[in-house]
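What follows is one structure encoded as structure tokens, with my remarks underneath.
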Amino acid sequence: QVQLVESGGGLVQPGGSLRLSCAASGFTLGYYAIGWFRQAPGKEREGVSCINSSDGSTYYADSVKGRFTISRDNAKTTVYLQMNSLKPEDTAVYYCATDGYSVGCDEVTDQYWGQGTQVTVSS
């Protein structure tokens, strides 16, 4: 059974940094494109970033470009989202997701996702 677990969220001040982690069980995470999404109260779920499994190419929403970096460890067991220069509007629950078969970010859908990790940016 495919299962994703997010971790690394917390409370930080504006301008601070966090690194989120996404670990998988039931499938080999490194074989598939992995996306990060976020959802704030009263708002729609928003795509944040994605990493291809085929060549490691990465993609970012305009709102986070230059501040967030997605990466994968050497063992391909974990995908990270490094979040720098955090703003209050980044406050949300962050989820990682995949469909378990797509290798490219242009086709992957969020069929499988975890419980999320809370990120709060406040002074």
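The values are calculated or read from the model by the stated rules, or taken from the named source; none is laboratory data. Quick caveat, the model's predicted, so the values are computed rather than measured. In this analysis, Cβ positions are derived from the backbone assuming ideal geometry, glycine residues included, and neighbour counts consider all displayed protein chains. Ligands, DNA and RNA are excluded from the accessible area calculation, which covers all protein heavy atoms including side chains. Shrake-Rupley method; radii C 1.70, N 1.55, O 1.52, S 1.80 Å.
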Does a label point 7 Å from the Cα of Gln39, set along Cα-to-beta-carbon, have any residues of the stretch 81-118 with amide nitrogen under 18 Å, and which are they? 90-99, 109-118
Hand me the trypsin sites (Lys or Arg not before Pro) from the stretch 1-64 located in a DSSP loop with no more than 16 other Cβ atoms within 10 Å, in residue order please. Lys43, Arg45
List the GluC sites (Glu not before Pro) within the stretch 36-123 that DSSP assigns to loop and that have no more than 14 neighbouring Cβ atoms inside 10 Å. Glu44, Glu107
Counting only protein heavy atoms and using a 1.4 Å probe, what share of the accessible area of the chain belongs to carbon plus sulfur, as a whole percent? 45
Which of Gln13, Thr77, Tyr32, positive extreme of dipole for the chain (C-beta unit charges): Gln13
Just Phe37, Phe68, Phe27 to compare: in a GNM of the chain, with alpha carbon springs under 10 Å, which one fluctuates most? Phe27
Can you tell me the dipole magnitude for the chain around its Cα centre, using point charges on the Cβ only (Lys, Arg +1; Asp, Glu -1), in Debye to the nearest 20? 360
In whole Å, what is the distance between the alpha-carbon centres of the stretch 1-21 and the stretch 91-123? 11
Probe 1.4 Å, protein heavy atoms only - accessible area per residue of the chain in square angstrom: 52
Please list, or write none, the aspartates and glutamates whose alpha carbon is within less than 16 Å of the alpha carbon of Lys43, excluding same-chain residues fewer than 8 places away. Glu89, Asp90
